[in-house]
Amino acid sequence: MSAIGLTVAELAGAVEKRSGGVLRAQVHGDAGRLIQGVASLEAAGPTDVAFLANPRYQAAARRSAAAALVLSAAQREAVFPAGRDAGTVLESDQPYAWFAFASQLLYPQPTPAPYRDPTASIDPGADVDASARIDAHAVVERGATIGARAWIGAGAFVGAEARIGSDTRLHAGAVVHARCRIGERGIVHSAAVIGADGFGFAPFQGGWVKIPQVGCVLVGDDVEIGAGTTIDRGTMGDTIVEDGVKIDNQVQIAHNCRIGAQTAIAGCVGIAGSATIGRRCQLAGAAMIAGHLSIPDGTVIGAGTLVSRSIREPGFYTGFFPMMSNRDWERNAALLRHLGDLRDRIRRLEGRHDNSNPRGEP
Amino acid sequence: MSAIGLTVAELAGAVEKRSGGVLRAQVHGDAGRLIQGVASLEAAGPTDVAFLANPRYQAAARRSAAAALVLSAAQREAVFPAGRDAGTVLESDQPYAWFAFASQLLYPQPTPAPYRDPTASIDPGADVDASARIDAHAVVERGATIGARAWIGAGAFVGAEARIGSDTRLHAGAVVHARCRIGERGIVHSAAVIGADGFGFAPFQGGWVKIPQVGCVLVGDDVEIGAGTTIDRGTMGDTIVEDGVKIDNQVQIAHNCRIGAQTAIAGCVGIAGSATIGRRCQLAGAAMIAGHLSIPDGTVIGAGTLVSRSIREPGFYTGFFPMMSNRDWERNAALLRHLGDLRDRIRRLEGRHDNSNPRGEP
Amino acid sequence: MSAIGLTVAELAGAVEKRSGGVLRAQVHGDAGRLIQGVASLEAAGPTDVAFLANPRYQAAARRSAAAALVLSAAQREAVFPAGRDAGTVLESDQPYAWFAFASQLLYPQPTPAPYRDPTASIDPGADVDASARIDAHAVVERGATIGARAWIGAGAFVGAEARIGSDTRLHAGAVVHARCRIGERGIVHSAAVIGADGFGFAPFQGGWVKIPQVGCVLVGDDVEIGAGTTIDRGTMGDTIVEDGVKIDNQVQIAHNCRIGAQTAIAGCVGIAGSATIGRRCQLAGAAMIAGHLSIPDGTVIGAGTLVSRSIREPGFYTGFFPMMSNRDWERNAALLRHLGDLRDRIRRLEGRHDNSNPRGEP
């Protein structure tokens, strides 16, 4: 339960306002019910609002003790054809977005009070806004800029001449290296490292010569970067993450990549150097993107899929070996090694028939 | 070599005691040999105990200079049919577990002396047991609880109202965020992050609306969490790791997962949101588990395998593309893209024969 | 642009010297042009040197405003058959290595000035060279050794009796645990963890018994270790990373591995316990190496490839499921589960013909 309490009607009005007037919910039932929190269908109590994340959960919706449920018109008809006796329904054409805004209203992020922990190490030559909060053992190096209401968590590191935008939060132990920039309203989670050297070496005499990585990482506004995620600085030019990009945990983004605005990248994804990812793409968990390629706006890459060549047409692309019992896998994997033999045997069989391969297939 | 010295007989007695009387080894040879350490078969010297990890290493066992070898009865017969002249044999029906307990006895983990480093930042409103050890630059925030004999390593972070159980160790730089709980006798390795925000956003107007992540991470007793591993807090409910779970390095566990007791998760595994993993499961390295699914107790998932649907029957499941020479891969991968064509060609061939596909296969 | 300025001739001489006389470039055009930086072909201005990383970029090379381009003889003929009017060409038989050395000369890494930040926590029993630099909140524990001109970044951790070689840099937040050693001229990036416990547990009574991890991590000279990379200490013996190895971000190297000299390991690679990787190998991104196996010198493992058995012959090995449209994948993955059926149907067809499978294929 949050510290906030609103009636259903008040909450609906507040969501409408926060969404710029886009999300208008229609209230079926008691608009005066008190809402104090959000919860899952199962856990929701008499002051919670809940929503139907998945069609599979219709029975749970029927059983839910939630004060109010956010549903689309279709969901409402499917789940409560005769109306919901047990509580209120908020009908929205975008119930998930409605729920997200409601949750933000009920659990407001605290605006940090201006603060500089006495153990923080802030270079006198850093430009730290008076409204910022700097926690224990944080380090802000020479020439760094910390914007208004920014929050630098305990032990976080901001390198020389780096810039942290207004209202951006670095969680405990996040690292932003020299000259890199994070925009406004950003979130950088713990153990994320922005601006480590890219992996650049020229082969020479059986070993490797390091290529200095002298570019930066430039991160736009409204970007979230997950825990343990690494984004390397560019070799010569910069690595760029555009506005509104959302990056989950343990994602690796190599030097000189560009990630287009509003793209969402799930956990454990790796993106090799100089890849260009379009806007509004979705990379599912553990997808791997090879270097020096491009992916167009709006592309969806499935989980565990390796993208080894540029993609020309937006779409939904997949490539992972389907899971089987280990016994079946052993057999199918062995046959997979000999697809060429199977093909040749089919050819030989076809060769005994006239017109057996009329389309001249390989 | 450890600082401890025990005779073979003393060590056998101590292992028996520590294992609750379960592990009783039979001594063949000199029970008075001094044991001071454990070592691999090759490296073992005249005061070491070693064991046979793998049947392939029988020759190494024969050559080993170890003071004592822990073997099963079958191993003993296979390796030393005429007895071991060079030293003692400890016969156990669980040689690996016996070896593990022996190693714990020979290399006891230090109990930390009560200590608070003067550079540690401990909120006056935190409840730190007098017997705990808090190292340099560690941060313990308001309302956090640190149990008896717990050890908070250098630079580690314990957020507001988090709880660290008795005898639990956070290694240098580990992060446990606000309100999360780690049970007793736990180990959290460096750069692990417990309780970062889950990755939850609703699509809205071409961008994303953040859903506040207001749940916690609840970790049971006797849990080990590897370096760089991330476990996100729940969106509304909690992310739960039950007792005895062992998690290797760089594992990602997303919001609202539940990991059943005693399950072991190897390095680089990723588990997406709301997945439920049963008890005593084993997830091999780099396995990837999609969200909103369940895996029953006792399931084994092979390395590199993507689990994209719920599993109903426990078993050993596998799914990775077998490695080949790159040339073979190029050819087989190309054919794999056209399995449908091969199937159609088989069908056409079958169509020229009566009864050619008697079972009506696809 | 760097702070350095050299003529083309001076730069060529300096590269030749730094490469031990190996890299001698032939100057075509004005040897007196001033060079102040390196840049990509597109971004290069009139005081930059650029090079042709990829044959696809020939048009960009022609258009480039770079003061000088480093090209092989073949590239020079292909791109500028009639000579380059717009600027100078440096002809080298190893243009990439030449460029790397030139970049090092133009962007020299700063030698840290001797320094001990007053907030650093340095045990009086540590042996810190007077020329070393220790930044804010760094921790150097008892008995640790910090070599000449070593640089321990903000918040980095050096455990008891660990050794950091001369001219080695730990970036902010890097962790080197007790008794581990990093050689000379090394780089350990932020959030890397060297020497966490290996993942070793013996099954016992339905749970797990921890095997103490008492070995170390021994890292040779000239090794770079990426951000978020983890290298576990050996169980009994040591985990070994030989000289000149280059490791990218978020790589996991488990206990008791040995990584041969000059091997390069790209991002997101995982190497399970006791694997032995030869010298001068290349492991591409997200490759996964199972435990207790060996890979010979000079082997190349493709991206996303799982190596589940020892490799006997050096070569280029690949194994990932090729990406497809999701629709094609659905169909092909379904057929892949039934390769055995396809094979059986071919067999039945062959059985109707004499000599249809003359080579006795499976």
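Compute the Kirkwood hydrodynamic radius of the stretch C:60-172, taking the inverse of the mean of 1/r over all pairs of distinct Cα atoms, and give it in Å to one decimal.
On the way: mean 1/r = 0.0588 Å⁻¹.
This gives a value of 17.0 Å.
Evaluate E = 1/(1 + (r/R0)^6) for C:Asp123 and C:Gln205, where r is the Cβ-Cβ distance and R0 equals 35 Å; express this FRET efficiency to the nearest 0.05. Present the calculation step by step, with values, prior to reporting the outcome.
On the way: r = 41 Å, r/R0 = 1.17.
Efficiency, rounded to the nearest 0.05: 0.30.
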What FRET efficiency comes out for A:Ser325 versus A:Tyr115 if R0 is 51 angstrom and r is the Cβ-Cβ distance? Round to the nearest 0.05.
0.35
Kindly write out, for the stretch A:316-327 in residue order, the coupling ³J(HN,Hα) from the Karplus curve 6.51 cos²θ - 1.76 cosθ + 1.60 (θ = phi - 60°), rounded to whole Hz, with x marking Gly and Pro.
10, 10, 9, x, 9, 6, x, 6, 9, 4, 4, 5
Are there GluC sites (Glu not before Pro) in the stretch B:1-52 that DSSP puts in a loop and that have at most 15 other Cβ atoms within 10 Å, and which ones?
B:Glu42
Please report, in whole Å³, the volume per residue of the convex hull around the C-alpha atoms of the stretch C:140-256.
89
Using the Cα centre of the protein assembly as shown as origin and beta-carbon charges of +1 (Lys, Arg) and -1 (Asp, Glu), tell me which of A:Ala162, A:Leu283, A:Ile122 is placed farthest towards the positive end of the dipole.
A:Leu283
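Send over the per residue convex hull volume for the stretch C:239-335, Cα only, as a whole number of Å³.
Convex hull volume per residue, Cα atoms: 98 Å³.
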Could you run the Karplus curve 6.51 cos²θ - 1.76 cosθ + 1.60 with θ = phi - 60° over the stretch C:69-77 and give me ³J(HN,Hα) per residue in whole Hz, x for Gly and Pro?
10, 9, 9, 6, 4, 5, 5, 4, 5
List the residues whose amide H sits under 5 Å from the amide H of A:Val70, counting only those 5 or more places along or on another chain, with H placed 1.01 Å from N in the peptide plane.
A:Ala50, A:Phe51, A:Leu52, A:Leu90
Largest-first principal axis extents, alpha carbons of the protein assembly as shown, Å
88, 86, 85
Whole-percent tail of the Cα-Cα distance distribution for the stretch C:5-124, cut at 22 Å, equals 34
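Please report the antiparallel percentage of the DSSP beta bridges confined to the stretch B:156-230, to the nearest 5.
Among the beta bridges of the stretch B:156-230, antiparallel pairing accounts for roughly 25 percent.
If you wrap a convex hull around the Cα atoms of the stretch A:19-85, how much volume per residue is inside, in Å³?
On the way: hull volume 6.7 nm³, N = 67.
Expressed per residue, the convex hull around the Cα atoms of the stretch A:19-85 is 100 Å³.
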Subset of A:Lys246/C:Lys246; C:Lys210/C:Lys246; B:Lys17/B:Lys246; A:Lys210/B:Lys246; B:Lys17/C:Lys210 violating a 26 Å alpha-carbon distance limit
A:Lys246/C:Lys246; C:Lys210/C:Lys246; A:Lys210/B:Lys246
Inter-copy spacing of A:Ala9 label points, which lie 7 Å from Cα along Cα→Cβ, given in nm from shortest upward:
8.8, 8.8
Calculated from backbone phi, Karplus (6.51, -1.76, 1.60) coupling profile of the stretch C:88-95 in Hz, x at Gly/Pro
8, 10, 9, 9, 9, 7, 9, x
To the nearest 20 debye, the stretch B:262-340 has a Cα-centred charge dipole, built from +1 on Lys and Arg Cβ and -1 on Asp and Glu Cβ, of 80
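Give me the percent of DSSP beta bridges within chain A that run antiparallel, rounded to the nearest 5. Mind dumping the intermediate values first?
Values: 9 of 73 bridges.
Counting DSSP beta bridges with both partners in chain A, the antiparallel share is about 10 percent.
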Cα-only Debye scattering, chain B: base-10 log of I(q)/I(0) at q = 0.07, 0.08, 0.12 Å⁻¹:
-0.46, -0.59, -1.03
Would you work out which of A:Gln36, A:Tyr317, B:Val251 lies farthest towards the positive end of the dipole of the protein assembly as shown? Charges go on Cβ: Lys and Arg +1, Asp and Glu -1.
A:Tyr317
Taking the Cβ of C:Gly207 as the center, what net charge do the other residues with Cβ under 15 Å away carry, scoring Lys and Arg +1 and Asp and Glu -1?
-1
Compute the semi-axes of the equivalent ellipsoid of the stretch B:133-187, taking the square root of 5 times each eigenvalue of the Cα gyration tensor, and list them largest first in whole Å.
13, 13, 9
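Please give the charge dipole size of the stretch B:212-264, origin at the Cα centre, charges +1 on K and R Cβ atoms and -1 on D and E Cβ atoms. Round to the nearest 20 debye.
220
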What does the charge count around B:Arg149 come to, taking other residues whose C-beta lies under 15 Å from its C-beta (Lys +1, Arg +1, Asp -1, Glu -1)?
-2
Treating the point 7 Å from Cα along Cα-beta-carbon as the label, what are the nm separations from A:Gly351 to the other copies, to one decimal?
2.3, 2.3
Neighbour net charge for C:Cys268 - beta-carbon separation under 13 angstrom, K R +1, D E -1
-2
Apply 1/(1 + (r/R0)^6) to the Cβ-Cβ distance of B:Asp344 and A:Asp341, taking R0 = 25 Å, and write down the FRET efficiency to the nearest 0.05.
0.85
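Bear in mind that the values in this text are calculations on the coordinates, not laboratory data. Everything numeric here is computed off the predicted structure, so don't read it as measured data. Glycine gets a Cβ as well: all are built from the backbone with ideal geometry, and neighbour counts include every protein chain shown.
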